Amino acid sequence: MMATWVSATPWEWLAAIGPMHGWAVATAAVVSACCAMVGTVLVVRRLSLLGDAISHAVLPGIVVAVLLGGRPGDLGVLVGATAAALLTVALTEFFHKQAGLPEDAGVGVAFTTLFALGVLLVTVSGSRIDLDPGCILYGILELVPFDTVEVAGWEMPRAFVSAVVVFLVVGSGLWLTWRWQVFTAFDTEAARAAGVPTVAVTVGLLAGVSLATVAGFEAVGAILVVAMLVVPAAAAELLVKRLHHCLLLAVGLAVMGAAAGYLLAWKLNTSAAGMMAVVLGGEYLLAVLVAPQQGVLARGMSSVLYAWRVQCEDRLAAAWRAEEAGQSAPLPASLVAAAAWWWLRVQGRVEPAQSGARLTSQGRRDAELIVRSHRLWEAWLGRHAELPVDHLHPPAEWIEHHLGTRLRQRIEADLGRDVRDPHGSTIPPERG
Amino acid sequence: MMPLPGVLGALLPYNTLVVACGVAAVGCAAGVVGTLGVLRRRALVADAAAHATLVGVALALLVTGQRSLAVLLAGGLGSAILALGLLVLIRAVTRTRDDAATAIVLSVSFGLGIVLISGMVARGVPGSGGLERFLLGHAAALTAADAMLLGTVSVLVILAVAIGLKEATMVAFDPAFAAAAGWPAAMIDLVLVALVAVMVVVGLPAAGAVLVTALVVIPPVVARQWTDRLVPMLVLAGGVGLASGVIGVAVSSASPRLPTGPVVVLVAAGCFAVSLVVAPRRGLLARWRAGHRRGRTDYLLMTEDHR
């Protein structure tokens, strides 16, 4: 079974999953695209936890709207939930500014209270509304295709239609206010001074978050909406620098995560929403590993390369010093040193001779530069830093790998010609 | 504690009394530990740990095949601590900001928990049917032995706080000074976080993974409205937690439909709403009367000014 699954082409896949799953995947994709769009701005503005709070707190809004006769996916429910979300934000702000609570505690109080209220309303009203606690927490994406409406002669899932509407509204809102959003996100004070209506921009953003949350709520439930809001945006932020690139990448990651999560969950017979969050988490982990410059792999790689260069240069300098003293090059003392020695031979910097090995002319020139850097630095430190002679070697041992031609020339100019290092050795001249 | 069961015993049936004792003990200890947690601004870290417990609970059932509360909670504690470690790791290795890191750990670990639980239910793993109770709590199902376990852990946690009160105060208010004065500040901080994780896990049967944060956050915030001193705040928070537990269980036992966890949380929230308005000095009425309606009192004068 595994084999056929892997060997199938995407088209066979689509044919195999059928229109029902197709609708569910499409709904999940549109919903997560919505969430990723607003999530990008939310993450950059350090409001991720407000997203968490909003996603919990929309519950009582939805329940009240449903109790008043709305149906999940209707406009009235959207309005009710958005109102509840804005109420949460207002409450959090109020607790923080007026009652002096720390921000995190304020958020904690506001959303747990509203969520508890929502759960209570759901359980008390019981059979009068068709929401159950499981649906609240992790959605019922699998049932989305069965609740349909007719749009222009096509029968579509209600949740899909409302997700597309929310996508268009939120997307165009972000498109129109993008410059303001960016300005406010990076420097609110400057934006306000420049005449940007920052309060309106923030309220608009939060309204967008609420809309996206409500659209996602039905499909993936309260807590996994948080994953869609924050995780793709945080991953994209690690990978690219410009905010609009970040947004596009986050949307891409979210759509991929939604589709892959759904199909995986279908294959493994488990919760689709949960699997989407797990896939998104995997994407974030991947971003942490492979991010350029800041990524774990990139940083590990560059430090390994650096250690390797230092090792090779140390071998070369050791061989040069041995030659200076009239001895043969010292044998490599460790495995890494032996590997570095082998690499120097491959590069043609050392060559085999009757007693061990000796430097080639290329190798000698390179080694001279390193020893020259080392001894110049020792001489300079000895003159200017008032360090005892036996303390000069360690800093020079480090800096010899970093000095360039121009710095060496300036040090030499400062020291004057024909100077020796503090141990009495001659400093090799610069040879191009 | 002694008179409490006596008084309540007259009012409540035996089963409800057992549940009330367990939940009250948990509420009390959660309030005490939460006070230190909230002062250290760890409210939402507790939330991340709470959501991560599901993974451990599910894995514990899958691996041991036992459904005893102690085993499941031990699993939950393991995964909660793992999640806190992950949080520290993300902070150290990436440039993702703290709030986003918390949200990531919270939502992804919760997703994994849901995947495990629904996968186990779909495969008919024995005992997996009731695991969903850990989402929103199901205090009514507590047995006397369970309540005993929760009570014992809660008492131990309160004792731990009482023994290390001086150290905890120091680190809660001024970690930099504590470290400079030669205290093992990082270690004490770690123990504090571990205690918060323990309370989050022990609170699971009462309030569930989604709402247990409220037990750790709301009572301390209520207590803060009434006092500026740490020891009264600890006692008051413990009292509020205990009272919300008892009242919540009693109210929810009135109707089989009322879920215990949300009711307990709402009782605590009710205490908060009252305190917010009528507390002396910090309450809205007092502020309004004092005439500086816009005046903002720093929640933690010490840490604000000395950072």
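How well do other chains shield peptide B:64-71, expressed as the mean number of their Cβ atoms within 10 Å of each residue Cβ? Walk me through the numbers before you get to the answer.
Working: counts 0, 0, 0, 0, 0, 0, 0, 0.
Per residue, the average neighbour count from other chains is 0.
From the alpha carbon gyration tensor of region A:146-189, can you work out the equivalent ellipsoid semi-axes (sqrt of 5 times each eigenvalue) and give them in Å, largest to smallest?
For region A:146-189, the semi-axes come out at 35, 9, 4 Å.
Within 10 Å, count the other beta carbons around each residue, average over each peptide in A:384-393, A:339-348, B:204-213, and list them highest first.
B:204-213, A:339-348, A:384-393
Under 15 Å Cα to Cα from B:Lys166, which aspartates and glutamates show up? Leave out anything in the same chain fewer than 8 places away.
B:Asp174, B:Asp189
Dividing the convex hull volume of the alpha carbon atoms of the protein assembly as shown by its residue count, what do you get in Å³ per residue?
Enclosed volume per residue, from the Cα hull, is 240 Å³.
Could you give the alpha-carbon Rg of chain B over 2.2 N^0.38 Å, rounded to two decimals?
1.01
Quantify how strongly other chains surround peptide B:113-125 by giving the mean number of their Cβ atoms within 10 Å of each of its Cβ atoms.
Mean partner shielding for this stretch: 6.
Using only the alpha-carbon atoms of region B:5-117, report the extent along each of the three principal axes, biggest first, to the nearest angstrom.
In descending order, the Cα extents are 58, 39, 17 Å.
Given 10 °C and 1.306 mPa s, how large is the Stokes-Einstein diffusion coefficient of region A:296-346 in µm²/s, with Rh as the Kirkwood radius over Cα pairs?
Working: Rh = 11.8 Å.
Value of D from the Cα-based Kirkwood radius: 135 µm²/s.
Going by amide H atoms built from the backbone, whose H comes under 5 Å of the H on A:Ser271, apart from near neighbours?
B:Ser118, B:Gly119
Of all accessible surface on chain B at a 1.4 Å probe, what whole percent is carbon and sulfur?
Ligands and nucleic acids excluded, carbon and sulfur reach 70 percent.
Counting only Cα atoms, I'd like the Rg/Rh figure for region A:299-415, Kirkwood definition for Rh.
Dividing the radius of gyration by the Kirkwood radius yields 1.00.
How much of the calculated P(r) for region A:368-421 lies past 12 Å, in percent of all Cα pairs?
Details: 845 of 1431 pairs.
Tail of P(r) above 12 Å: 59 percent of Cα pairs.
Can you give the local net charge around A:Trp23? Use residues other than it whose beta-carbon is closer than 13 angstrom to its beta-carbon, Lys and Arg +1, Asp and Glu -1. Don't skip to the end; give the middle numbers.
Numbers: positive: A:Arg158; negative: A:Glu142, A:Asp147, A:Glu155.
Result for the neighbourhood of A:Trp23: -2.
Using amide H atoms built in the peptide plane, which far-off residues or other-chain residues are under 5 Å from A:Thr148 H to H?
When sequence neighbours closer than 5 places are left aside, the close amide H contacts are A:Arg158.
Please label the shape of region B:132-291 as rounded, prolate or oblate, based on the square roots a ≥ b ≥ c of the eigenvalues of the alpha-carbon gyration tensor (a/c under 1.5 means rounded; beyond that, a/b larger than b/c means prolate, else oblate).
Because a/c hits 1.5 or more and a/b fails to exceed b/c, region B:132-291 counts as oblate.
Among A:Gly139, A:Gly281, A:Gly363, which one shows the highest mean-square fluctuation when chain A is modelled as a Gaussian network with alpha-carbon springs under 10 Å?
So, out of A:Gly139, A:Gly281, A:Gly363, the one fluctuating most is A:Gly363.
Less than 19 Å apart at the alpha-carbon level, and either on another chain or at least 8 residues along: which aspartates and glutamates does that give for A:Lys267?
Partners found: A:Glu12, A:Glu142.
Round to the nearest 10 and report in Å² the accessible area of A:Asp104, as given by a 1.4 Å probe over the protein chains' heavy atoms.
Roughly 30 Å² of A:Asp104 is accessible to a 1.4 Å probe.
Please state the charge dipole magnitude for the protein assembly as shown, taken about the Cα centre, from unit charges on C-beta atoms (+1 on K and R, -1 on D and E), reported in debye and rounded to the nearest 20. The partial results should precede the final answer.
Details: 50 positive and 46 negative charges, 179 e Å.
Magnitude of the dipole: close to 860 debye.
Around A:Thr360, which amide H atoms from residues at least 5 apart in sequence, or from another chain, sit under 5 Å from its own amide H, with H modelled in the peptide plane?
A:Val350, A:Glu351
Which of A:Leu50, A:Leu117, A:Leu403 moves the most in a Gaussian network model of chain A with Cα springs under 10 Å?
Evaluated over chain A, the most mobile residue of the options is A:Leu403.
Go from 0 up to the bin containing the longest alpha carbon distance in region B:54-208, width 10 Å each, and give me the % of pairs per bin.
Each 10 Å bin holds this share of Cα pairs: 10, 32, 32, 19, 5, 0.
Helices from chain B with mean Kyte-Doolittle at least -1.0 and a Cα length along the axis of 30 Å or more, per DSSP H: which?
Helices passing the filter in chain B: B:14-39, B:43-64, B:69-93, B:98-122, B:230-252.
Among A:225-235, B:52-62, B:125-135, how do they line up by average Cβ neighbours within 10 Å per residue, starting with the highest?
A:225-235, B:52-62, B:125-135
How many partner chain Cβ atoms sit within 10 Å of a residue's Cβ in peptide B:133-141, on average, as a whole number?
Mean partner shielding for this stretch: 2.
What is the P(r) of region A:213-280, as percent of Cα-Cα pairs per 5 Å bin from 0?
4, 20, 26, 23, 15, 9, 3, 1
Evaluate the Debye formula for chain A with equal point scatterers sitting on the alpha carbons, no solvent, and hand back log10 of I(q)/I(0) at q = 0.07, 0.08, 0.12 Å⁻¹, in q order, two decimals.
-0.56, -0.65, -0.91
In debye to the nearest 20, how big a dipole does chain A give about its Cα centre with +1 on each Lys and Arg Cβ and -1 on each Asp and Glu Cβ?
Roughly 1000 debye for chain A.
Per-residue counts of other Cβ atoms within 10 Å, averaged by peptide: what ranking do you get for A:367-377, B:174-184, highest first?
Descending mean neighbour count gives A:367-377, B:174-184.
The values are calculated or read from the model by the stated rules, or taken from the named source; none is laboratory data. Owing to the predicted nature of the structure, the values given are computational and were not obtained by experimental measurement. Virtual Cβ from ideal backbone geometry, glycine too; neighbours counted across all protein chains shown. These area figures cover heavy atoms from the full protein model, side chains too; ligands, DNA and RNA do not enter into them. Shrake-Rupley method; radii C 1.70, N 1.55, O 1.52, S 1.80 Å.
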